[in-house]
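To keep things clear, I will list the structure first and then write my remarks on it.
The values are calculated or read from the model by the stated rules, or taken from the named source; none is laboratory data. Everything quoted here is computed from the prediction, not taken from an experiment. All Cβ positions, glycine included, derive from the backbone under ideal geometry; neighbour counts span all protein chains shown.
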Amino acid sequence: MDIQFTEEEVAFREEIQQFLRDELPDDWDPLNQGSPHSPEQLPFTKAMADKLADKGWLTLAWPEEYGGQARSIMEQTVYREEMTYWGVPGTDLGTGAIGWVGPVLMISGTEEQKYEHLPPIANAERYWCTLYSEPGSGSDLASLQTSAVRDGDDYIINGQKIWTSSGHIADWGWLAARTDPDAPKHRGISLFMLDMKSQGVTVRPIVNMAGSHEFNEVYFDNVRVPKGNLVGEENRGWYTLAVALDFERSGVGYSASARRTLETLVKYAKETERNGKPLSEDPIVRHKLAERKIEIEVSRWLSYQVAWMQSQDMVPNAEASMSKLFGTELTQKVASTGMDILGMTGQLSKGSKWAPLQGYIQRLSLSSVSSTIAAGTSEIQRDIIARRGLGLPRS
């Protein structure tokens, strides 16, 4: 692996940073904006998505015929890192549109599917959600039971999905459903694109313990999906889905958001006194902050490795899981360190006059619980690393 950013890539990073200084509000606080899909924030989220689309940045690494700029994977990585660090909303049009729906369609979709769905994503006209997890199928996703039964030119969908991020604002859903109940569980799954306005689709909100509405339950009652919305081969959806998860797990966002949080904690430690001295002079505090800084850099370079492999037309399977595993566990470590530094007042919620950092660390501590579960648990990632990366036997 040889990762050195070119002069063009460095200049592009500086261009992004200047754009965000110009476009974000003067009082922009990336750590305390709330859900980008809340009624209060959604208009600004969509406005930023429109501006990014106008710049051609939403899908800058996509081929030009699908609305992209055909720029490099490393430039895309720089873009994603800066967007996450600055806390910019609207960069993935809900959940997954740019991260994996578009890339997988380019690999496995028909020409009709590509030209129907890719341009609206590139133009910020269509928001997506990902319909994978079910009440009885989380980490063991291949055990999902939502059914898709062929009926003429349609499939009829019945079942339930849960923990569906952005389902309440999505125009389309990326759906995994079982098309052959008698086949081994990995071989009877198909992938579909679902119009979320279809008759029989019901979306119900789930408010998490941090008080935010990010997740939803989605119910399907005899929902008809045209066969033209099947992605790839029938009953081979698991393998297409696995490619999608590799895209999902390869993000550089974990280290970028952790870096922003750490910088905030360092500033807090310098400005806050305890027992007559700044917290930054406490050797225990300094040691913890230094540990997190080292881990953030490790996470960052794991992500760069994934991007570099993709730029070399390699498939970063185990490497993507390494990045996801380390990055999500880092998120929890940063939250825990923040709670240790803030002390008892760190438990106070936003709105309390005594809550340090507007209650951000408290919310991060609560929300980070799910980071090692969503998109495949840490246990699943370790299994992938062991078998596909180290070549260890299943038992």
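Values as computed for the structure displayed
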read-out: Search result, residues across segment 196-215 that are without any contact (Cβ under 8 Å) to a residue 60 or more places away in the chain and either within 21 Å of the chain's Cα centre (by Cα) or closer than 23 Å to residue 369 by Cβ (or both); value: 203, 204, 205, 206, 207, 215
read-out: Matching entry among 358, 362, 381 (being under 17 Å from the mean Cα position of the chain (by Cα), assigned to a helix (DSSP H, G or I) and either in the same structural domain as residue 268 (by TED's automatic domain parsing) or at pLDDT below 90 (or both)); value: 381
read-out: Residue within segment 99-113 that is outside any loop (DSSP other than H, G, I, E, B), over 25 Å from residue 308 (Cα atoms) and out of contact with any strand residue (DSSP E or B) (no Cβ under 9 Å at 6 or more places or on another chain) present; value: yes
read-out: Sole residue being more than 30 Å from residue 297 (Cβ to Cβ) and either touching a residue at least 24 places away in the same chain (Cβ under 8 Å) or not assigned by TED's automatic domain parsing to the domain that holds residue 192 (or both), chosen from 56, 34; value: 56
read-out: Residue count, segment 317-354 (criterion: of a type in the set (Lys, Arg), at pLDDT below 95 and either assigned to a helix (DSSP H, G or I) or under 30 Å from residue 392 (Cα atoms) (or both)); value: 1
read-out: Cross-chain or 6+ apart pairs with Cβ under 6 Å, segment 270-289 first and within 16 Å of residue 356 (Cβ to Cβ) and assigned by TED's automatic domain parsing to the domain that holds residue 357, then polar (S, T, N, Q) and assigned to a loop (DSSP other than H, G, I, E, B); value: 279/272
read-out: Whichever residue in segment 292-316 is of a type outside the set (A, V, I, L, M, F, W, C) and in a loop (DSSP other than H, G, I, E, B) and, among such residues, is nearest to residue 390 (Cα to Cα); value: 316
read-out: Checklist (1) part of a loop (DSSP other than H, G, I, E, B); (2) of a type in the set (Gly, Ala, Ser); (3) under 30 Å from residue 208 (Cα atoms) applied to residue 177, failing item; value: (1)
